[in-house]
Amino acid sequence: MSVRTTLRKNKNLLSAGLACLAVFAAVPPGAAGATSASQGGASAGARHCITVLDKLGPGERTSRVVERQCTREGESMAQLRGRMAPRELLVKYWDGHYFDGDSDEIRGRDGGCDAAGYGVPDMGAFNNRVSSFRTFGTCNSVQLFENPSYDGAQKTFEPPTWDTLAGANGLYPFYDRADSLWLRAV
């Protein structure tokens, strides 16, 4: 499937992606990574990870990391998915322009986003590295923050004001700047 076709199919899902960046807050440096430009491919030398989060409870601001695994040397993303229980895909982000390089799939243990959503107060290995992302399911509002713990300058990405096909250009002014994020349904 071409990148153009993939982008068209995911147009309405992309806006939720940024909020899931918060998952990286719980990831130690060097543990993150990804590979393909799409949900299943692989890029030479890139690492792919899958992070599963709990939904936020009343009054909570940090989603608990339930599970996190990354591809082993020579392993495909499909093989990694086969090692893990199926969970709903919320967002996938990459450190490369236009959906390539290291990546992480953020998945919800209890399903998609609701009004509380998922909170990532520190993106860990992906601090100041997210260059492109796609969102999936019900997560359609992503709020990025310049500093950890939802502090500093922020920008909210919600349809229809955010062009979900913009890739790296759509992240302005948070291209390679976000340290925390909040993902939810609006």
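The values are calculated or read from the model by the stated rules, or taken from the named source; none is laboratory data. Model, not experiment: these values are computed from the prediction. Positions of Cβ are backbone-derived with ideal geometry, glycine not excepted, and every protein chain shown enters the neighbour counts. Side chains included, ligands, DNA and RNA excluded: accessible areas come from the protein's heavy atoms. Shrake-Rupley method; radii C 1.70, N 1.55, O 1.52, S 1.80 Å.
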**OP:** Round to the nearest 10 and report in Å² the accessible area of THR138, as given by a 1.4 Å probe over the protein chains' heavy atoms.
**Re:** 70 Å²
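Suppose every K and R has +1 on its Cβ and every D and E has -1 on its Cβ; what is the size of the dipole of the stretch 58-114 about the Cα centre, in Debye to the nearest 20? Show your work: numbers first, answer last.
Working: 10 positive and 12 negative charges, 51 e Å.
Around 240 debye, computed over the stretch 58-114.
For the stretch 43-186, what does the relative contact order come out to in percent, with C-alpha contacts under 8 Å and a separation of six or more?
On the way: 344 pairs, mean separation 36.6, N = 144.
Result for the stretch 43-186 is 25 percent.
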Original post:
What accessible surface, in Å², does a 1.4 Å probe find on TYR118, ignoring ligands, DNA and RNA and rounding to the nearest 10?
Top reply: 0 Å²
Subject >> 5 angstrom amide H check on CYS139, placed H, neighbours 5+ away >> reply: CYS113
Subject >> Distance between modelled label sites at GLN154 and VAL66, nm, 7 Å Cα→Cβ extension >> reply: 2.5 nm
Subject >> Amide H contacts under 5 Å for ASP102, placed H, 5+ residues apart >> reply: ALA34, ARG47, ASP95, GLY96
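Over all distinct alpha-carbon pairs, what is the Kirkwood Rh of the stretch 43-157 in angstrom?
One decimal place: 14.8 Å for the Kirkwood radius.
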